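The values are calculated or read from the model by the stated rules, or taken from the named source; none is laboratory data. Because the structure is predicted, anything quoted here is derived from the model rather than measured. Because the Cβ atoms are built from the backbone with ideal geometry, glycine has one as well, and the counts that use them run over all protein chains shown.
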Amino acid sequence: MQKFILKHIAATAVFGLTAASASAVVVTVDPPGTPLTNQGLVSSVSGLACANISFNDSSALQTFANPNSQCEGIKYTPNSGAAFVSGSVGGQHASPPNDTSVFLTVSPNDPNKSGATPVTIELPANANYFGFYAASLDPYNFIEFFDKGSSVGKYSGTDLASLAGVAANGNQGVGFYFNVYLNPKDLLARFDTVVLTSTAYAFETDNHSFGIATPPDANVPVPGALALLGIGALGMFGASRRRAV
């Protein structure tokens, strides 16, 4: 599977720069993630300040306050359309492949409306890396990064699916571990907040990781990576789809 992914994304894609976002974001599936029993994939990047947030601990609902946790102080603020769940429910959420544990699902708080309901993740220390396991990607899934309140990059489920060589059609049988690096050529480029949004059912992720990391070949165009130069808001797709369990 790993060779298949890299074969389909050998060329780097560059998108238009917006006035609001000047920092480049590099997203790659290399390294592709490490399988963990009943957890799907976790980050393969070493030396991270927060190697894995699995959501199996209820403390993930608010703040990691355990002083023994490597992820202490990271705060998740889910709105009413988000939940920490397990398993699949038709038309609502689907667990990522080989993941029978708790994961994060993001959806509008009213299935009859197309309004987005975000989950805000606040970091106690700036980072340039965010890793996450995701599956069943849709065009209406979005991730946006902020530094001191200013957007430094945004991309959609379509971008991620394209990177992985698949269609953004909600395929529940396809999951990837994505590694996001904020402007690897700028050693001072950082983010302190991540916002996950979906305008329809649903955006499912698990095994989040944060820290300071360097992508492969950071000083040259990254083979097998998608370089996003501050994507503006892409066309949102309000039509929801039914998920088959």
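The set of residues from the stretch 96-107 being within 14 Å of Y201 (Cβ to Cβ) and more than 13 Å from the chain's Cα centre (by Cα) comprises just one member, S107. Consider the stretch 64-88 and keep the residues that are under 20 Å from L137 (Cβ atoms) and not hydroxyl-bearing (S, T, Y). The one that is modelled with the highest pLDDT is G87. Check Y181 against each of (1) modelled with pLDDT of 95 or more; (2) buried (at least 23 other Cβ atoms within 10 Å of the Cβ); (3) of a type in the set (S, T, Y) and name the one condition it does not meet. Unmet condition: (1). If the condition is being under 16 Å from V106 (Cβ atoms) and either in a strand (DSSP E or B) or touching a Lys or Arg at 6+ places or on another chain (Cβ under 6 Å) (or both), then the stretch 176-201 contributes F178, T193, V194, V195, L196, T197, S198. Taking each residue of the stretch 150-170 that is among the aromatic types (F, W, Y) and looking for partners that are modelled with pLDDT of 90 or more and buried (at least 19 other Cβ atoms within 10 Å of the Cβ) with beta-carbon atoms closer than 9 Å, six or more apart or interchain, yields Y155/F142; Y155/I143; Y155/E144; Y155/V180. Of the strands (runs of 3 or more DSSP E) lying entirely inside the stretch 89-148, the ones with 2 or more residues being at pLDDT 90 or above and in contact with a helix residue (DSSP H, G or I) (Cβ under 9 Å, 6 or more places away or on another chain) are found at 141-147.
Restricted to the stretch 149-175, and to residues there that are part of a loop (DSSP other than H, G, I, E, B) and of a type in the set (A, V, I, L, M), the residue that is modelled with the highest pLDDT is A168. One residue is enough: does the stretch 186-194 have a residue meeting the conditions touching a Pro at 6+ places or on another chain (Cβ under 7 Å), under 18 Å from V25 (Cα atoms) and surrounded by 24 or more Cβ atoms within 10 Å (Cβ to Cβ)? No, because not a single residue in the stretch 186-194 is touching a Pro at 6+ places or on another chain (Cβ under 7 Å), under 18 Å from V25 (Cα atoms) and surrounded by 24 or more Cβ atoms within 10 Å (Cβ to Cβ). If you filter the stretch 197-224 down to residues that are among the hydrophobic types (A, V, I, L, M, F, W, C) and surrounded by 24 or more Cβ atoms within 10 Å (Cβ to Cβ), you find that the one that is modelled with the lowest pLDDT is A202.
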